[in-house]
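A short worksheet on the structure shown next.
The values are calculated or read from the model by the stated rules, or taken from the named source; none is laboratory data. Note that this is a predicted model, so its numbers are computed, not measured. Here Cβ is always computed from backbone atoms with ideal geometry, including for glycine, and neighbour counts include all displayed protein chains. Note: areas computed on protein heavy atoms with side chains; ligands, DNA, RNA excluded. Shrake-Rupley method; radii C 1.70, N 1.55, O 1.52, S 1.80 Å.
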Amino acid sequence: MSSASPAGGGGCSVTRPRVVIVGGGFAGLYLARGLEDQPVDVTLLDRQNHHLFQPMLYQVATAALAPNDIASPIRSILSRQKNAEVIMGEAVSIRPADQKLRLADGSVIDYDYLVIAVGTRHSYFGHNDWEPLAPGLKNLEDAEEIRRRVLLSFERAERERDPAKRHAHLTFVVVGGGPTGVEVAGALAEIRRYALRRDFRRIDPREATVMLLEGGLRILPSYPKELSERAKRELRRLGVEVREETMVSDIRPGSVAAGGWTIPTQTVVWAAGNMAGPLTRSLGVPLDPAGRVIVEPDCTVPGHPEVFVLGDVAAFPDHRYGHLPGICPVAIQMGQYAARAIAGDLERRPRRPFTYWDKGQLAVIGRGHAVADIWRLQFGGFAAWLVWIFVHIFFLIGFRNRVMVMLEWAWSYFTYQRGARLITWPWNAGARRTGITGNTGEHRSADAGPGRAS
């Protein structure tokens, strides 16, 4: 095996295998850490400079936490690992036959082992024109955009005198009844019931409508039916309108068409589907309908045992789920497994197939309430909420993040407040999205001004 110098970086030893990891999520980081004591050189490549704790991303979108509470710089995380380096860049194609990875800037990285752990983006099932109107929730930019739209809807409702238009501003539609959709809907209901109830003079935020639309038979379809029903009851207790078997057929500026109804709304959150990015297509191997790589039992690409595919972009068969779900325990265990597999290769030990230890599922519904499916235990309520808090604090990377999140949660629990209710924007981008141009009260059309994409 041989190594080459990284694009734009220092040289690596020519006598040690080079492991290139694309993606600084759970799988990528746990793999890199697992190779700390191995005689390899690790290069971790990511488009962002930070690792993001995605399970709590919805709390940034609903103003409970600040972005830096759930993100840590990748360089800082790996700063003490002497055999690891970090490159900020975007991988665009792979040549498995040559063992080369090409980046968006045209540079090429050679590898002995390649690990693809890039995660997924939201899928609109062929309706990509819906994305600007219904942002998904995959990164900090998505979360901040959703937070901006939610808070601005209340601001615009405060100034709107037409009752019908005011109602549209105060209607929030969440599409998709999986864990993310359930958590977002519950958090939005709490915002309008508790956090904002005294902040406005012309409107009562408690009159806002939160709707959760699920196209399948029930919300939380991967959970036992009893927990799905319990989650639905709790959401309705919070005032969320839960509509199952309601497929969205169209999204337009100012409305959502679903189940034969047209719902006037200015704020839509998409939580209905995932799809792998274009990088996996360059491998030239079979993919599932969502673009995920159908991996071998050792999480590698067929015909290329040196190329691992981990986390959300891996379609790994499972008797319970069909394919393993895209959740952080799966990604973590895959990352740890790949580190052991590479270490075993160096010692010329045969690889064992990857096996997933199912630790269960958790979904929070609102303040003091969650549902848990852990091993053979199925329960909900305050106990499940405490388990959810413990698990999420445990997996947060960084002592500061753990402390800050605990303080924020304690403050929110006892005061019913949310401390991250800030609207930040470039004014031109804000004018394009909302029609508000500044403090003068002037409005203009929704597509005026440049602004950045959602």
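Going highest first, how would you order 269-282, 121-134, 39-52 by mean Cβ packing within 10 Å?
Result, highest mean first: 39-52, 269-282, 121-134.
With N set to the number of residues, divide the alpha-carbon radius of gyration of the stretch 336-408 by 2.2 N^0.38 Å and report two decimals.
On the way: Rg = 17.5 Å, N = 73, 2.2 N^0.38 = 11.2 Å.
Rg over 2.2 N^0.38 Å, computed on Cα atoms: 1.56.
Show me the ranking of peptides 70-76, 259-265, 367-373, 210-216 by mean Cβ neighbours inside 10 Å, starting with the highest. Don't jump to the answer; show the numbers that get you there.
Working: 70-76: 19.9, 259-265: 15.1, 367-373: 21.4, 210-216: 23.4.
Ranking the peptides 70-76, 259-265, 367-373, 210-216 by packing returns 210-216, 367-373, 70-76, 259-265.
Over the Cα atoms of the stretch 137-224, how large are the radius of gyration and the largest Cα-Cα distance (Dmax), in Å?
Taking only Cα atoms of the stretch 137-224, I get Rg and Dmax of 14.2, 45 Å.
Give me the extension gain from ASP250 to ASN68: residue separation times 0.36 nm, minus the current Cα-Cα distance, reported in nm with one decimal.
Details: separation 182, 0.36 × 182 = 65.52 nm, distance 3.49 nm.
Taking ASP250 through ASN68 to full extension adds about 62.0 nm, to one decimal.
Considering only C-alpha atoms, what is the centroid distance from the stretch 235-285 to the stretch 335-393, in Å?
27 Å
Of SER249, SER228, which has the most accessible area and how do the rest follow, probe 1.4 Å? Please list the in-between numbers first.
Details: SER249 75, SER228 0 Å².
Heavy-atom accessible area, descending, gives SER249, SER228.
Can you tell me what the convex hull of the Cα atoms of the stretch 87-143 projects to on average, as an area in nm²? Intermediate values should be presented prior to the final figure.
On the way: hull surface 22.8 nm².
Here the figure is 5.7 nm², rounded to one decimal.
Work out the FRET efficiency for LYS359 and ASP37 from their Cβ-Cβ distance, taking R0 = 25 Å, and round it to the nearest 0.05. The partial results should precede the final answer.
Working: r = 26 Å, r/R0 = 1.03.
Efficiency computed from Cβ-Cβ geometry: 0.45.
Assign one of three labels to the chain, namely rounded, prolate or oblate, based on the Cα gyration tensor with a ≥ b ≥ c the square roots of its eigenvalues; rounded applies when a/c is under 1.5, prolate when it is not and a/b is larger than b/c, and oblate otherwise.
Details: a/c = 1.90, a/b = 1.64, b/c = 1.16.
Prolate.
Nearest 5 percent is fine: what portion of the DSSP beta bridges confined to the chain is antiparallel? Before the final figure, lay out each step's value.
Working: 37 of 69 bridges.
Approximately 55 percent, going by the DSSP bridge assignments.
If you take the beta carbon distance between ASP298 and ARG233 as r and set R0 to 56 Å, what does 1/(1 + (r/R0)^6) give as a FRET efficiency, to the nearest 0.05? The partial results should precede the final answer.
On the way: r = 43 Å, r/R0 = 0.77.
Approximately 0.85, to the nearest 0.05.
Set the Förster distance to 22 Å, then compute FRET efficiency between VAL108 and LEU346 from the Cβ-Cβ distance, nearest 0.05.
Working: r = 25 Å, r/R0 = 1.13.
It comes out at approximately 0.35.
Contour minus end-to-end for MET406 and PHE382, with contour as 0.36 nm per residue of separation and end-to-end as the Cα-Cα distance? Please list the in-between numbers first.
Details: separation 24, 0.36 × 24 = 8.64 nm, distance 1.66 nm.
Result: 7.0 nm gained on full extension.
Using the Kyte-Doolittle scale, which helices in the chain average at least 1.6 and also have C-alpha atoms spread 15 Å or more along the helix axis, with helices defined as whole DSSP H runs? Can you show the working numbers first?
On the way: long enough: 140-159 (29 Å, -0.89); 179-190 (17 Å, 0.62); 225-237 (18 Å, -2.13); 328-346 (27 Å, 0.62); 382-395 (20 Å, 2.21); 399-415 (24 Å, 0.16).
In the chain, the long hydrophobic H runs are 382-395.
If you wrap the stretch 81-175's Cα atoms in a convex hull and average its projection over all directions, what's the area in nm²?
Details: hull surface 41.5 nm².
Computed as one quarter of the Cα hull surface, the answer is 10.4 nm².
Looking at the stretch 174-254, which trypsin sites (Lys or Arg not before Pro) are DSSP coil and have at most 15 other C-beta atoms within 10 Å of their C-beta? Write down the numbers at each step before the final one.
Numbers: sites: ARG192, ARG193, ARG197, ARG198, ARG201, ARG202, ARG206, ARG218, LYS225, ARG230, LYS232, ARG233, ARG236, ARG237, ARG243; in loops: ARG197, ARG198, ARG201, ARG202, ARG218.
Within the stretch 174-254, the qualifying trypsin sites (Lys or Arg not before Pro) (loop, at most 15 other Cβ atoms within 10 Å) are ARG197, ARG198, ARG201, ARG202.
Evaluate the distance, in nm, between pseudo-label points positioned 7 Å from the Cα of LEU217 and of ASN49 along their respective Cα→Cβ axes.
Placing both labels 7 Å along Cα→Cβ, they lie 5.0 nm apart.
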